[in-house]
Amino acid sequence: MERLNLNLLRALVVLLEERNVTQAANRLHLTQSAMSRQLSQLRDYFGDPLLVREQNDYLLSARAKQLLPKVDAILADVDNLKQEEFKPETCQRRFSFACTDYVAQYIFPAVINRLQRQAPGIDLIYEVWKPEQITQLGHLPMDLVSTTLSVLPEGLCSIYLGADKPVCLMSKNHPLAEHSEVVLADAADYPFVRLNSGGDKDSFIDKSLEKHGLNRRILFEVPYFSAAFEVVASNHSLMILPEHIADTAMQHLALDYRPLDIRAPENHYHLCWHELHDKDPAHAWLRECIAEEMKLSNYSPK
């Protein structure tokens with residue numbers, strides 16, 4: 001096969017995004033056998049397996065990871081050739097969004113409600129955001145990311161959402177709750193709960209402790225704020241987190257927070273996407289919609 005038509009290119013993108021022949025077939029309204037034939041044609045054309053089975057799952061080959069952003073860009077250019085005006089009410093697209101469970105739980109219901117009113121054909125897939133993925137965004141099937149960044153990596157675009165400062169979260173009956181601020185040397189006597197999703201929110205603590213010959217014990221590391229809150233509320237552990245999230249936590253559980261006695265770096269929040277998606281009208285409309293809802297939310301930085 002010497003030529004590759006646009007339908008096969010679209011099939012390639014969907015197969016690599018879904019990593020599942022059946023799900024790709026459903027998304028493209030094809031039979032599973034037709035989808036399998038297209039995968040076979042693509043494998044022949046590129047001389048590569050593209051999808052590699054591992055137990056009950058498929059993994060992308062190295063070649064597939066290289067192809068995905070390039071083919072995405074080609075298809076976006078083709079769509080722009082025929083696109084006259086984007087109309088959200090008629091758009092039929094699925095977008096992936098990576099963020100913390102805090103954003104998904106407290107802010108995204110308002111986003112979904114708005115989409116249902118203005119663009120009922122748009123679907124969103126939530127994924128837990130991992131900080132190390134930021135430099136790989138162009139190679140991932142991920143449309144938008146909400147994260148904490150001090151410097152925007154090359155190739156990424158963003159909308160600035162606001163800023164706040166880190167504070168120390170604790171149970172209401174914690175011994176340190178009796179003080180107006182948390183002295184870092186005192187905090188080192190207690191175990192910490194740490195979040196491993198979203199942006200870097202607390203590594204500055206370890207650097208400050210190291211200067212004084214101290215370190216801290218990480219009692220529990222988890223990607224979900226909701227689980228972290230429950231643990232902190234149930235014992236004398238501590239957690240470093242943004243002030244607006246601490247405000248929300250203490251509204252729902254027996255928690256409190258205090259400022260730190262050290263100068264902490266501000267948290268700067270961005271809605272990010274790879275430049276591959278920058279000229280996509282549907283993507284542009286969606287990101288502006290999400291950014292507006294995030295800025296208006298009572299659960300965002302004040």
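The values are calculated or read from the model by the stated rules, or taken from the named source; none is laboratory data. None of the values given here were measured: they were computed from a predicted structure. Don't worry about glycine lacking a Cβ; one is built from the backbone with ideal geometry, like all the others, and counts go over all protein chains shown.
Considering only the range 203-221, how many residues are under 15 Å from Asn267 (Cβ atoms), of a type outside the set (S, T, N, Q) and either surrounded by fewer than 19 Cβ atoms within 10 Å (Cβ to Cβ) or more than 27 Å from the chain's Cα centre (by Cα) (or both)?
Taking the range 203-221 first, the residues under 15 Å from Asn267 (Cβ atoms) are 203-205.
Those still in the list that are of a type outside the set (S, T, N, Q) too: 204-205.
Checking the rest, the ones that are also either surrounded by fewer than 19 Cβ atoms within 10 Å (Cβ to Cβ) or more than 27 Å from the chain's Cα centre (by Cα) (or both) come to 204.
Within the range 203-221, residues that are under 15 Å from Asn267 (Cβ atoms), of a type outside the set (S, T, N, Q) and either surrounded by fewer than 19 Cβ atoms within 10 Å (Cβ to Cβ) or more than 27 Å from the chain's Cα centre (by Cα) (or both) number 1.
Please specify each residue of the range 93-109 satisfying the condition of being part of a helix (DSSP H, G or I) and either touching a Leu at 6+ places or on another chain (Cβ under 8 Å) or on the phi > 0 side of the Ramachandran plot (or both).
Residues of the range 93-109 part of a helix (DSSP H, G or I): 101-109.
Of everything in the range 93-109, just one residue is part of a helix (DSSP H, G or I) and either touching a Leu at 6+ places or on another chain (Cβ under 8 Å) or on the phi > 0 side of the Ramachandran plot (or both), namely Phe108.
Among residues belonging to the range 1-22 that are in a helix (DSSP H, G or I) and loosely packed, with under 15 Cβ neighbours inside 10 Å, point out the one that is nearest to the chain's Cα centre (by Cα). I'd like the intermediate steps shown before the answer.
Within the range 1-22, the subset in a helix (DSSP H, G or I) is 6-18, 21-22.
Cutting the leftovers down to loosely packed, with under 15 Cβ neighbours inside 10 Å gives us 6-7, 22.
Working: Leu6: 30, Asn7: 29, Thr22: 26 Å.
Looking at residues that are in a helix (DSSP H, G or I) and loosely packed, with under 15 Cβ neighbours inside 10 Å, I get Thr22.
Considering Ala177, Ala185, which residue is in contact with an Asp or Glu (Cβ under 7 Å, 6 or more places away or on another chain), in a helix (DSSP H, G or I), touching a residue at least 24 places away in the same chain (Cβ under 8 Å) and of a type in the set (Gly, Ala, Ser)? Steps first, answer last, please.
Working: Ala185 fails: in contact with an Asp or Glu (Cβ under 7 Å, 6 or more places away or on another chain).
Answer to the selection: Ala177.
Among the candidates Ala177, Ala110, Ala119, which residue alone is within 19 Å of Ile262 (Cα to Cα) and of a type in the set (Gly, Ala, Ser)? Explain how you work it out, then say what you get.
Working: Ala110 fails: within 19 Å of Ile262 (Cα to Cα); Ala119 fails: within 19 Å of Ile262 (Cα to Cα).
The conditions single out Ala177.
Can you spot a residue in the range 195-210 that is part of a strand (DSSP E or B), touching a residue at least 24 places away in the same chain (Cβ under 8 Å) and touching a helix residue (DSSP H, G or I) at 6+ places or on another chain (Cβ under 9 Å)?
Let us first name the residues in the range 195-210 that are part of a strand (DSSP E or B), namely 195.
Now narrow it down to the ones that are touching a residue at least 24 places away in the same chain (Cβ under 8 Å): 195.
Narrowing the set further to residues that are touching a helix residue (DSSP H, G or I) at 6+ places or on another chain (Cβ under 9 Å) leaves 195.
So far as the range 195-210 goes, yes, one or more of its residues are part of a strand (DSSP E or B), touching a residue at least 24 places away in the same chain (Cβ under 8 Å) and touching a helix residue (DSSP H, G or I) at 6+ places or on another chain (Cβ under 9 Å).
Could you check how many residues of the range 211-242 are in contact (Cβ under 8 Å) with a residue 40 or more places away in the chain, in contact with a helix residue (DSSP H, G or I) (Cβ under 8 Å, 6 or more places away or on another chain) and part of a loop (DSSP other than H, G, I, E, B)?
4
Under 8 Å by Cβ, and 6 or more places apart or on different chains, what pairs join a residue from the range 23-39 that is touching a residue at least 40 places away in the same chain (Cβ under 8 Å) with one that is in a helix (DSSP H, G or I) and surrounded by 15 or more Cβ atoms within 10 Å (Cβ to Cβ)?
These pairs meet every condition: Arg27/Val14; Arg27/Glu18.
If you take the residues of the range 121-162 that are of a type in the set (D, E, K, R) and over 16 Å from Ile290 (Cβ atoms), which of them is surrounded by the most Cβ atoms within 10 Å (Cβ to Cβ)?
Pass one, the range 121-162, residues of a type in the set (D, E, K, R): 123, 127, 130, 132, 143, 154.
Applying the additional criterion that residues be over 16 Å from Ile290 (Cβ atoms) yields 130, 132, 154.
Working: Lys130: 14, Glu132: 7, Glu154: 7.
Taking the candidates together, the pick is Lys130.
Checking the condition surrounded by fewer than 18 Cβ atoms within 10 Å (Cβ to Cβ) and modelled with pLDDT under 90, which residue from Ala110, Ala73 passes?
Values: Ala110 fails: modelled with pLDDT under 90.
Just a single option satisfies the conditions, and that option is Ala73.
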